[in-house]
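The values are calculated or read from the model by the stated rules, or taken from the named source; none is laboratory data. Just so we're clear, the structure is a prediction, and the values are computed from it rather than from any experiment. FYI the Cβ positions are ideal-geometry reconstructions off the backbone, even for glycines, and counts take in every protein chain you see.
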């Protein structure tokens, strides 16, 4: 398995280079270093000299990908792409164009993002599985029918509606929780409750329906019939046998998103005033802060690859028939 | 039945328990610690995190909202007086410049501008002013600085200023002001006003060049500004310094009221330049060091920023001068009392308007703007068209504060464009016709909820040169009808269009329809309705308007290259002088030719001549006459459609006192007073938890689960 993981990690290197190159190309198709300077320097009294100075200070006075003036390897290394991208592979993100340390920013914002994303993931997963198993247990009855109807209704409502409705009823009308805000430690509990509740409710419909499909497929299999024939209770059949065998597709969806939980959620964090990573990339795109954009895209790609590797590992853990070679 | 009874009794107990909890504790939805309920703390919000807090760099309103309270330039604006009046802050008096000729001989105050080689501003500051507590000043008993020779290991583990055990202070001296002027030229700081100031301050450009050269030669070394001389800023004695300005630039005095000219202690630069500091965001751009009434005690712009009262503040008293309206509004109730009133100000990041508005209504923010979503809930218009609060707002003792911003929005014609540009009579008439057709009275009513005043010229109300009422109307677009300002009829516009060579919107020679192009960055559903409205305005003249949507970068590019035809733009005043608006139309400032702020590329020699005269004049009847002549020229030439002066509406709770909009001052937090007791009472009253939904939720859950449990048991028994 170790060889497999190492091989996958090596595969990741060209992928990350490609992602970097693509991000770089897309960013500089839309923005020029002059545009970036102008946005950083503000809308008033910006002179061409000030723009030139800013570019020199921030290393954007070089050619983008190829330095025709240079010789040897400097033709490739003395460029904006190399100077701003090579250090990322050592996880040195450098500073944003506003002068802030990006690694520091990521470290600071990661905690609040996880404080929301982790409970939403765990509670959401449990709620979805429980609801799905209940529907499977009562399959072909009115409870299953209305459960599916409820799922479809929940799925059909926009995520933003859950947030606005949750804030309106729970925080504004009934005054039960703060409408937005964040605090570290135990004080943060009251701020986390509402976004977690809203996010779990928003994901319940689609999650439960998907898991229901998985479990229904499993429940028709021979081993389930055998288990019942042995006289096992339905609860035991469902939770001991069906759930375990239904774990592979569940893991596919769940484990792959696990590392991405660090990246937070843009809308939830924005509406609930959570100082997480969710809005960091979007703010950077709006501010044309290439340093932050490339760092966040790199981190996102890396975490996604990590998630895929973890998924493969979890397959072998859940299903002994799967071997990683 | 027994089981249902048990469930009901448990629900009852739950309800009782929740009620007791609600009665015993602080408001459940309180986003602040309960212990702060009666603290003298002002609560506000910001929607966009500030990028820079270094006074050499901060320029945006969301940045000076903080730096204005922390840093003290030599001058400030009087809180109450209108028109805006400069008064001393750390200076002993508002300086009056003296003039010298090229030979260094002092000239009379009324010397012609052409004879003046330099204006010299001598500023004497009050002795005894001290900086906020900061580790950069901390010294041991032998007088050695605690934290001026640290290595990265010593800095390790310190992420906030409060992590440094020792702090100190020192007296403010004139050299700190000179040091900051030098910082404007530091290429590593990229000060937004360096380009402008290098045209005015003697030697600043040369200093910038020298620093740039040194920076390139030693990219990793810190630049010690004390090693670089600046001819235009000199320390006269411990408390006095002089600034030398090229020629005559009377508007320079206003810059002395901005944080750009606030003092920065050299110790701060040395402190923050140490290895490992920047990696922890310990920089002057992030952790300011000033002499103002407040210092930044907590800086987490992703969540909240906290200003605390500076324990070393030199002290100031609330103004005693104000007019009758100020007295009537209770703005003189605190006259002569020591400032600041508020101990702490907490600014929370609130990106979305819905939670901001809801928290304001719950009493968790002391003041709020009014977004379009909540406008109808807050404001209604009287039969006379005056805005007033709705009954629900009045019932909460909320107050409405309105003011006309020192800003203008306009639609510009690119004067280089072959169709709409140029100073020929036909083009002039075409622009006048279009100016009449764009009914901005209607625009203000539809899109701004009445939050604007139709503009009659480039100068907004409140500034010298603005003439109120019918005497100040733009006669090419409006007319005086019985003392009322009324837009000229569309028939007049059609006549002008015909005289311009486009009868009924068609080229008189070719018969081709007149098609105009409007470049805009606006997009989305809101923008669509505005753009449709614009098309509709030109439909009245049978002229087609093609909207060319573009992003910010491309729009700026088009403007720089002069590729736009019609465009929308705005300007906020830097200072309360008509020069700051007329310079937007001054020929040598043309964007295409010189990269200046004259986006319309307007260049009328007569206007330019009058501008050069007006900018150096003192306010008075003579200057007003010149301004009137300039206004007449730009109104006739119509390089802009003068759209509107925006009006801002703000709300404050009844416990907030001393609120008077001051569009020029950025240090008004020190005047704000709150009544924390009243606020605590109102919050308690407005935020009682409503518990029945929780009980109902449990009841519904129980009702939903019960049949499932019953069915489950039946199923299990059947299987057994």
Check: Filtering the range A:38-58 down to residues that are more than 8 Å from chain B (Cβ to nearest Cβ) and closer than 15 Å to residue B:212 by Cβ, which residue is nearest to the chain's Cα centre (by Cα)?
Finding: A:58
Check: What is the residue count in the range B:336-360 for residues that are more than 8 Å from chain A (Cβ to nearest Cβ), touching a helix residue (DSSP H, G or I) at 6+ places or on another chain (Cβ under 9 Å) and free of Cβ contacts under 8 Å to residues at least 40 places away in the same chain?
Finding: 1
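Determine which member of the set B:281, B:299 is modelled with pLDDT under 95, within 14 Å of another protein chain (Cβ to nearest Cβ), in contact with a helix residue (DSSP H, G or I) (Cβ under 7 Å, 6 or more places away or on another chain) and crowded, with 17+ Cβ neighbours inside 10 Å. Break it down into steps so the answer makes sense when it comes.
Values: B:299 fails: in contact with a helix residue (DSSP H, G or I) (Cβ under 7 Å, 6 or more places away or on another chain).
Result of the check over B:281, B:299: B:281.
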Next item on the list: Go through the residues of the range B:379-391 one by one and say whether even a single one is under 27 Å from residue B:658 (Cβ atoms), within 14 Å of another protein chain (Cβ to nearest Cβ) and in contact (Cβ under 8 Å) with a residue 12 or more places away in the chain.
Entry: no
Check: Residue check, residue A:130 against (1) farther than 29 Å from residue A:216 by Cβ; (2) in a helix (DSSP H, G or I); (3) out of contact with any helix residue (DSSP H, G or I) (no Cβ under 6 Å at 6 or more places or on another chain), all met but one. Which one?
Finding: (1)
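Condition test on residue B:179, is it touching a helix residue (DSSP H, G or I) at 6+ places or on another chain (Cβ under 6 Å), within 30 Å of residue A:53 (Cβ to Cβ), away from chain A (no Cβ under 14 Å) and buried (at least 17 other Cβ atoms within 10 Å of the Cβ)? Step through it out loud before you land on a result.
Working: touching a helix residue (DSSP H, G or I) at 6+ places or on another chain (Cβ under 6 Å): yes; within 30 Å of residue A:53 (Cβ to Cβ): yes; away from chain A (no Cβ under 14 Å): yes; buried (at least 17 other Cβ atoms within 10 Å of the Cβ): yes.
Yes.
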Item checked: Identity of the residue in the range B:668-693, touching a helix residue (DSSP H, G or I) at 6+ places or on another chain (Cβ under 9 Å) and buried (at least 18 other Cβ atoms within 10 Å of the Cβ), that ends up farthest from the other protein chains (Cβ to nearest Cβ) -> B:670
Notebook entry, point to check: So residue B:268 clears everything in (1) assigned to a loop (DSSP other than H, G, I, E, B); (2) in contact with a helix residue (DSSP H, G or I) (Cβ under 7 Å, 6 or more places away or on another chain) except one condition, right? Which one?
Noted result: (1)
Check: What are the residues in the range B:576-591 that are outside any strand (DSSP E or B) and touching a strand residue (DSSP E or B) at 6+ places or on another chain (Cβ under 9 Å), if any?
Finding: B:576, B:580, B:581, B:583, B:584, B:585, B:586, B:587, B:588, B:589, B:591
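For (1) buried (at least 16 other Cβ atoms within 10 Å of the Cβ); (2) modelled with pLDDT under 90; (3) in a loop (DSSP other than H, G, I, E, B); (4) within 14 Å of chain A (Cβ to nearest Cβ), each residue gets a yes or a no:
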{"residue": "B:19", "(1), (2), (3), (4)": "no, yes, no, yes"}
{"residue": "B:64", "(1), (2), (3), (4)": "yes, no, no, yes"}
{"residue": "B:69", "(1), (2), (3), (4)": "yes, no, no, no"}
{"residue": "B:93", "(1), (2), (3), (4)": "no, no, yes, no"}
{"residue": "B:132", "(1), (2), (3), (4)": "yes, no, yes, no"}
Item checked: When residues of the range A:112-143 are limited to those that are farther than 21 Å from residue A:247 by Cβ and within 11 Å of chain B (Cβ to nearest Cβ), the one nearest to the chain's Cα centre (by Cα) -> A:113
Notebook entry, point to check: For the range B:574-590, how many residues meet the condition of being more than 24 Å from the chain's Cα centre (by Cα) and touching a residue at least 24 places away in the same chain (Cβ under 8 Å)?
Noted result: 1
Next item on the list: Scan A:181, A:203 and give me the residue that is within 30 Å of residue B:357 (Cβ to Cβ) and touching a strand residue (DSSP E or B) at 6+ places or on another chain (Cβ under 7 Å).
Entry: A:181
Check: Which members of the range B:102-129 meet the condition of being touching a helix residue (DSSP H, G or I) at 6+ places or on another chain (Cβ under 9 Å) and surrounded by 12 or more Cβ atoms within 10 Å (Cβ to Cβ)?
Finding: B:107, B:113, B:119, B:121, B:123, B:124, B:125
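Hey, among the residues in the range B:134-158 that are surrounded by fewer than 17 Cβ atoms within 10 Å (Cβ to Cβ) and in a helix (DSSP H, G or I), which one's modelled with the lowest pLDDT? Steps first, please.
Initial filter on the range B:134-158 (surrounded by fewer than 17 Cβ atoms within 10 Å (Cβ to Cβ)): B:139-144, B:148-149, B:151-154, B:156-157.
Filter again for in a helix (DSSP H, G or I), leaving B:152-154.
On the way: B:152: 83, B:153: 86, B:154: 86.
Applying the filter and picking the extreme gives B:152.
When you look at residue B:349, is it within 30 Å of residue B:601 (Cβ to Cβ) and at pLDDT below 95, yes or no?
Values: within 30 Å of residue B:601 (Cβ to Cβ): no; at pLDDT below 95: yes.
Taking the combined requirement at face value, the residue does not satisfy it.
Every residue, every condition in (1) away from chain A (no Cβ under 12 Å); (2) on the phi > 0 side of the Ramachandran plot; (3) modelled with pLDDT of 95 or more, yes or no:
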position	(1), (2), (3)
B:40	yes, no, yes
B:46	no, no, no
B:54	no, no, yes
B:61	no, no, no
B:75	yes, no, yes
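Would you point out which residue out of B:189, B:184, B:204 is surrounded by 21 or more Cβ atoms within 10 Å (Cβ to Cβ), under 21 Å from residue A:59 (Cα atoms), in contact with a strand residue (DSSP E or B) (Cβ under 9 Å, 6 or more places away or on another chain) and within 13 Å of chain A (Cβ to nearest Cβ)?
B:184
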Notebook entry, point to check: Within the range B:409-491, which strands (runs of 3 or more DSSP E) (wholly inside it) include 2 or more residues that are surrounded by fewer than 17 Cβ atoms within 10 Å (Cβ to Cβ)?
Noted result: B:478-481, B:484-487
Checklist line | Selection status of residue A:211, over 22 Å from the mean Cα position of the chain (by Cα), touching a residue at least 12 places away in the same chain (Cβ under 8 Å), more than 14 Å from chain B (Cβ to nearest Cβ) and assigned to a helix (DSSP H, G or I) | finding: no
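Name the one entry in B:372, B:368 that is assigned to a loop (DSSP other than H, G, I, E, B), touching a residue at least 60 places away in the same chain (Cβ under 8 Å) and under 26 Å from residue B:47 (Cα atoms). Full working, then the answer.
Details: B:368 fails: assigned to a loop (DSSP other than H, G, I, E, B).
Testing whether each residue is assigned to a loop (DSSP other than H, G, I, E, B), touching a residue at least 60 places away in the same chain (Cβ under 8 Å) and under 26 Å from residue B:47 (Cα atoms) leaves just B:372.
Between B:685, B:716, which is without any contact (Cβ under 8 Å) to a residue 24 or more places away in the chain, under 24 Å from residue B:41 (Cα atoms) and in a helix (DSSP H, G or I)? Don't jump to the end; show me each part of the working.
Values: B:716 fails: under 24 Å from residue B:41 (Cα atoms).
Testing whether each residue is without any contact (Cβ under 8 Å) to a residue 24 or more places away in the chain, under 24 Å from residue B:41 (Cα atoms) and in a helix (DSSP H, G or I) leaves just B:685.
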Margin query: Looking only at the range A:271-301, count every residue that is under 15 Å from the mean Cα position of the chain (by Cα) and within 28 Å of residue A:171 (Cα to Cα) and tell me the total.
Written below: 6
Checklist line | Qualifying position, being assigned to a loop (DSSP other than H, G, I, E, B) and more than 14 Å from every other protein chain (Cβ to nearest Cβ), among B:531, B:541 | finding: B:541
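Restricting the search to the range A:233-242, which residues are away from every other protein chain (no Cβ under 14 Å) and either surrounded by 19 or more Cβ atoms within 10 Å (Cβ to Cβ) or touching a strand residue (DSSP E or B) at 6+ places or on another chain (Cβ under 8 Å) (or both)? Explain how you work it out, then say what you get.
Of all residues in the range A:233-242, those away from every other protein chain (no Cβ under 14 Å) come to A:240-242.
A:241, A:242, listed by residue number.
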Note to self: Being under 22 Å from the mean Cα position of the chain (by Cα), under 17 Å from residue A:191 (Cβ atoms) and part of a loop (DSSP other than H, G, I, E, B) is the filter here; which residues of the range A:151-181 pass it?
What the structure shows: A:180, A:181
